[in-house]
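Notes follow the structure.
The values are calculated or read from the model by the stated rules, or taken from the named source; none is laboratory data. None of these values were measured; they are calculated from a predicted model. Here the Cβ is made from the backbone with ideal geometry for all residues, glycine too, and neighbour counts use every protein chain on show. Just so you know, the surface numbers come from the protein's heavy atoms only, side chains and all, with ligands and any DNA or RNA stripped out. Shrake-Rupley method; radii C 1.70, N 1.55, O 1.52, S 1.80 Å.
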Amino acid sequence: MVASLRLPSLAYLFTSPSAALGRRSKAVFRRAHHPRPPPAAGFSAQSTAAVPPATEERGGKQKSRGEDRAVTPRSQDFNAWYLDVIEHAELADYGPVRGTMVIRPYGYAIWEAIQDYLNVKFKETGHSNMYFPQLIPYSFIEKEASHVEGFSPELALVTIGGGKELEEKLVVRPTSETIVNHMFTQWIHSHRDLPLMINQWANVTRWEMRTKPFIRTLEFLWQEGHTAHATPEEAEKEALQMIDVYTKFAYEQAAIPVIAGRKSNIERFAGADRTYTIEAMMGDRKALQAGTSHNLGQNFSRAFGTQFTDENGNRQHVWQTSWAISTRFVGGIIMTHGDDAGLMLPPRLAPVQVIVIPIYKKADEKSGVISAASSVKDALQSAGVKVKLDDSEQRTPGWKFNFWEMKGVPLRIEIGPRDVASGSVVVSRRDIPGKEGKVFGISMEPAVLEAYVKDKLDEIQSSLLQRAKLFRDRNILDVSSYDELKEAISQGKWARGPWSASDQDELRVKEETGATIRCFPFDQPEDIKTCLMTGNPASEVAIFAKSY
């Protein structure tokens, strides 16, 4: 199995203080609040003992770091499984500040693949990249009342700079609507300056109390788009266009069958008129808000005085949108597709699509096998496949199989002496375990192999999407009463039913079941139904679920 120290629990670093304290002894609590040398491994949720040395005596046998590589089964403890996969697949490690994480190269490569796709789509839809400062005057946040109310508990403030107390507190960017409007006010004067459509790739800080790597951390990476328009119709069209970009990305690249729709008044973004969302079902059947697009109306432009002179010479406030996807999506990919063997990456986002592993036992077999493996790697690379050759000699082929399965590589090519002699390779699919996913005798001839590999990568991409769709649809129950809704939620499923009740009724559902309205899906039934809570007519259905 993959080499790494088996770390006792670091899950307390990504939970609330009260919950963590309940699981720790006083000695462990003291260690968490006093400086100590940093441990040498990543996330885990197996023990709360002190960190052991890298090599220790157990049962009279020396056990080097890396021998214990088992992943907690998903069915046994989903959260522990998730943390194990992040550690063993080398996606991230924890930072020295509680609730932060260090994204490791392999995890960051997945984020880069997300960036590469979205960057193209943003530019195709007329947006330009730029960058705004991370520090925002606190007075900016205060200008939009619902915005400051919504974000106040999560703000990180800078009060001292250069050794002196600042005249005004600075907010470490939780989102950028306020500073964007400050600048838009200086750039927008006439209808000729509109639409103004920009995007930035940045980090964000929100002082979350309950954190989970990739899903909810104190600092995370994202893109945030901001646009200004001359009419409300243009702003609404933009908000819907960008949620459609996110939906297509989720389906076509991440193989995640999200449900797109409108957020309820309770759940919409602080300062927005309407919020649109894509909701994904994770492997534990909780919902993940995977991306949002907000129609901000004139709320921020009125607060900041962002105006333009229209074609008739009248002064008007601009109409605005904002929209974002973050590194949370990486967590969504893990929890949608992963299994007990580790990650399972959709080929279009995989940093490595094909791993080539040479297999030989005798010294006189080595050169022929390595040469053939290198030729295969070069041919696939020339064809645009993201391929890697693992010709390291420190590990056995079996160890390498497990390692690259853990990292979710979609295809594995094995080449041994007999394969060299026959001019063929063995190909194994990550999404079909065991012998069923292994095919022998695939020709090494470049044109044949390239076509076969590309075809299989497409099959895997489609297979992951279809598998996730089946899982999602099996776990959404149509309900027509509040009792049925409560029963569905108690079973860990999503409930879909007619809804026209009040905000107070929605809060009651949340209080009594722990579920919230995830969205009113765009895909709605045509007939008018009866609200499951009040019995009044309802023109649309809502989806309720527990969520991250």
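Across the stretch 180-299, Cα pairs under 8 Å and at least six residues apart give a relative contact order of 18 percent.
Can you give the local net charge around Thr309? Use residues other than it whose beta-carbon is closer than 15 angstrom to its beta-carbon, Lys and Arg +1, Asp and Glu -1.
Residues close to Thr309 contribute a combined charge of -1.
Residue order by solvent-accessible surface for Glu365, Glu168, Glu142 is Glu142, Glu168, Glu365, largest first, with ligands and nucleic acids left out and a 1.4 Å probe. So, with a 1.4 angstrom probe, what is the percent of accessible area on the stretch 418-543 that is carbon and sulfur? Answer for the stretch 418-543 is 51 percent, counting heavy atoms of protein chains only.
Average projection, convex hull of the Cα set of the stretch 441-548: 10.0 square nanometres. Note: the stretch 473-527, Cα convex hull, 90 Å³ per residue.
In straight-distance terms, cross-link reach from Lys510 covers every one of the lysines whose alpha-carbon lies under 18 Å from its own, apart from those fewer than eight places away in the same chain; here that gives Lys263, Lys286, Lys486, Lys493, Lys546.
Over the chain, the pair-distance histogram of Cα-Cα distances with 20 Å bins from zero comes to 19, 48, 29, 4, 0 percent, rounded to whole numbers.
Averaged over residues, the count of other Cβ atoms within 10 Å places the peptides 494-503, 262-271 in the sequence 494-503, 262-271, highest first.
Of interest is the spacing of the C-alpha centroids, which for the stretch 477-529 and the stretch 439-469 amounts to 41 Å.
Shape index of the stretch 395-452: Rg/Rh, with Rg the Cα radius of gyration and Rh the Kirkwood radius from the inverse mean 1/r over Cα pairs, equals 0.97.
Heavy atoms only, probe 1.4 Å: what % of the accessible area of the stretch 322-416 goes to carbon and sulfur, would you let me know? About 47 percent, which is the carbon plus sulfur part of the accessible surface.
The coefficient of translational diffusion for the stretch 263-395, derived via Stokes-Einstein from the alpha carbon Kirkwood radius under 10 °C and 1.306 mPa s, stands at 79 µm²/s.
Highest mean first, the peptides 208-218, 390-400 sorted by other C-beta atoms within 10 Å per residue fall in the order 208-218, 390-400. Over all pairs of different C-alpha atoms in the stretch 108-240, the reciprocal of the mean inverse distance, the Kirkwood hydrodynamic radius, equals 16.7 Å.
The residues of the chain have, on average, 44 Å² of accessible surface per residue, using a 1.4 Å probe with all protein chains present.
For the chain, the relative contact order is 12 percent, taking Cα pairs closer than 8 Å that sit 6 or more residues apart in sequence and dividing their mean separation by the residue count.
What is the stretch 88-137 by shape, rounded, prolate or oblate, if you read a ≥ b ≥ c off the alpha carbon gyration tensor as root eigenvalues and call it rounded for a/c under 1.5, prolate for a/b larger than b/c, and oblate otherwise? Verdict is oblate for the stretch 88-137.
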